[in-house]
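For reference, the structure discussed in these notes is given below.
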Amino acid sequence: MVENMVNSLHQRGPERGGIRRYLDTVTPAEYVPQTGEVDLTQVTLQGLADLYGSDKGSIKHRYTKIYETLLPEIGVKDRLTHPLRLAEIGVACGASLRMWGNYLPAAKIDGFDIQPECATLCRDMPNITITVKDPREIDYGPEFDLVIDDGSHIAEDILGVFAHCWRWVKPGGMYVIEDMACTYNDAYRDKFNKHFGKSLINDRKIILQMFDALSREIDAGVSAFTEMRYYKQMWIFKR
């Protein structure tokens, strides 16, 4: 079966998948595994994440199990035919975009990244578009069913991106912030700043203040979203 193929790739070395294909501070590079005649639309979301080396699967975070439960909540009854609109902020090497593009073949998937190298990724996948630009400089209305912030993971950026990109989410849709542990990881901040030539502080207090302000809005009944949840390293808002 396909999952056995993915498992075997885990054992065949870094050139054939099954390992994390990138770090957040590595220059993007294309990776397309050889899958032969396998119909990738029939592989589980976790299997696709592992195949392409996304950290959303069993390689690291296991977010895929959560996403599989969230998709029906935002109206996905048949993942193969549903015309979902999905935006992912932070493309890196395109691993998770390829995961989404195969798992949701009828979806329109937009990736956003500030690294010029990302512009050439995923060109073989017609349902994926990549824009090289800070998402805070792009004005969308409520067009997306699912918006994922897998960008810098720096506290200041998380707040700024949320403040601007929350408006992209359709009523009934969700906004997800991944890798929240990075907001209290000084080593990650230092590596990020060195790679990108930044001097961001990554002040965890910003996240705590954000939670306080948003929870107060919910309590007062004036929030633009109906609920927020926290899983391991994953903060989710539903419109």
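State all residues of the stretch 183-214 that are touching a residue at least 60 places away in the same chain (Cβ under 8 Å) and within 22 Å of the chain's Cα centre (by Cα); if no residue qualifies, say none.
If the condition is that a residue be touching a residue at least 60 places away in the same chain (Cβ under 8 Å) and within 22 Å of the chain's Cα centre (by Cα), then Y188, K191, F192, H195, F196 are the ones that fit.
Is it true that A155 is surrounded by fewer than 24 Cβ atoms within 10 Å (Cβ to Cβ), modelled with pLDDT of 95 or more and over 15 Å from the mean Cα position of the chain (by Cα)?
The answer is no for A155.
Counting just the residues of the stretch 32-89 that are of a type in the set (D, E) and within 15 Å of W100 (Cβ to Cβ), which one comes out surrounded by the fewest Cβ atoms within 10 Å (Cβ to Cβ)?
Among those residues, the one meeting the criterion is E68.
Of the residues Y63, Y67, Y103, Y52, which single one is of a type outside the set (A, V, I, L, M, F, W, C) and in contact with a Pro (Cβ under 9 Å, 6 or more places away or on another chain)?
Only one candidate passes the filter, namely Y52.
Do the conditions hold for P83, that is, is it of a type outside the set (A, V, I, L, M, F, W, C), out of contact with any Gly (no Cβ under 8 Å at 6 or more places or on another chain) and either within 30 Å of T226 (Cβ to Cβ) or at pLDDT below 95 (or both)?
Yes, satisfied.
Take G111 and tell me if it is assigned to a strand (DSSP E or B) and buried (at least 21 other Cβ atoms within 10 Å of the Cβ).
Answer is yes for this residue.
Here's a check for you: in the stretch 50-80, which residue that is at pLDDT below 95 and outside any loop (DSSP other than H, G, I, E, B) is farthest from I177 (Cα to Cα)?
For the stretch 50-80, the residue satisfying everything is L51.
Would you check if V132 is β-branched (V, I, T), within 20 Å of K56 (Cα to Cα) and in contact (Cβ under 8 Å) with a residue 12 or more places away in the chain?
When the stated conditions are applied, V132 does not pass them.
Out of the stretch 139-152, which residues are under 25 Å from P105 (Cα atoms) and more than 13 Å from the chain's Cα centre (by Cα)?
Matches in the stretch 139-152: Y140, G141, P142, E143, F144, D145.
Could you go through the stretch 114-134 and let me know if any residue there is under 19 Å from M174 (Cα atoms) and buried (at least 24 other Cβ atoms within 10 Å of the Cβ).
No, the stretch 114-134 contains no residue that is under 19 Å from M174 (Cα atoms) and buried (at least 24 other Cβ atoms within 10 Å of the Cβ).
Out of the residues in the stretch 64-101 meeting the condition of being closer than 25 Å to P33 by Cα and polar (S, T, N, Q), tell me which one is nearest to the chain's Cα centre (by Cα).
Ranking the candidates gives S96 first.
The rows are residues; the columns are (1) of a type in the set (S, T, Y); (2) part of a loop (DSSP other than H, G, I, E, B); (3) within 17 Å of F237 (Cα to Cα).
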position: P105; (1), (2), (3): no, yes, no
position: E117; (1), (2), (3): no, no, no
position: K170; (1), (2), (3): no, no, yes
position: K198; (1), (2), (3): no, yes, no
position: I206; (1), (2), (3): no, no, no
position: D212; (1), (2), (3): no, no, yes
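Taking the stretch 215-239, which residues are loosely packed, with under 13 Cβ neighbours inside 10 Å, under 18 Å from E73 (Cα atoms) and at pLDDT 90 or above?
Passing the criteria: E227, Y230.
Tell me, yes or no, whether the stretch 140-151 has at least one residue that is in a helix (DSSP H, G or I) and free of Cβ contacts under 8 Å to residues at least 40 places away in the same chain.
No; the residues of the stretch 140-151 include none that is in a helix (DSSP H, G or I) and free of Cβ contacts under 8 Å to residues at least 40 places away in the same chain.
The values are calculated or read from the model by the stated rules, or taken from the named source; none is laboratory data. What you are looking at is a predicted structure, and each value in this text was computed from that prediction instead of being measured. So basically every Cβ, Gly included, is an ideal-geometry build from the backbone, and we count neighbours across all protein chains shown.
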